[in-house]
1. Taking region 31-59, which residues are touching a Pro at 6+ places or on another chain (Cβ under 7 Å) and among the aromatic types (Phe, Trp, Tyr)?
2. Can you go through Thr20, Thr37 and tell me which one is polar (S, T, N, Q) and modelled with pLDDT under 95?
3. Check region 58-68 and report whether any residue there is of a type in the set (A, V, I, L, M), out of contact with any Ser or Thr (no Cβ under 6 Å at 6 or more places or on another chain), at pLDDT 95 or above and surrounded by fewer than 17 Cβ atoms within 10 Å (Cβ to Cβ).
Amino acid sequence: MEEPCYWVYILLCENHSYYTGYTNDLEKRYQSHLDGTGKCKYTRSFKPLQMAQHWNMGSDKTRAMKGERVIKRLSRKDKEQLIAYPEQLDGLLDTCKTNERPIPLD
C-alpha cells in the first residue's frame, strides 16, 4: 500500500486574507474549500480566490502539521515573503520549535 502524501497550503481568500491548512489530498481539499463542503467555516465565509502556495511534505504528517502551525503564526508580511520564496519553509521549520513564535523571515 502506498504511503499518503501530505501537503501544507496557503489560500488567498476573497477578503484578501490568507488561510493555511494541511491535507493528504490537495486537489480534493481545495475543491471542498471552493464548494464550502469541508469543515472549514472560514472559507465558507470568505471563498478562496486562488492557491497562493503549497508544499509537498512527503509522508511526514507531523511535519505537515508543524508547517501549518508555524505558517499560521506568521505575520501577513512574513506569509507574503514565504509565498514569494517557498524554499524558506524548510529552514523555518528546522529553526522553529513547535510551541514558539517563528522568527521573522526578513
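1. Trp55 - this is the single residue of region 31-59 that is touching a Pro at 6+ places or on another chain (Cβ under 7 Å) and among the aromatic types (Phe, Trp, Tyr).
2. Checking each option against the conditions leaves just Thr37.
3. yes
The values are calculated or read from the model by the stated rules, or taken from the named source; none is laboratory data. Treat the numbers as computed from the prediction; the structure is a model and nothing was measured. All Cβ positions, glycine included, derive from the backbone under ideal geometry; neighbour counts span all protein chains shown.
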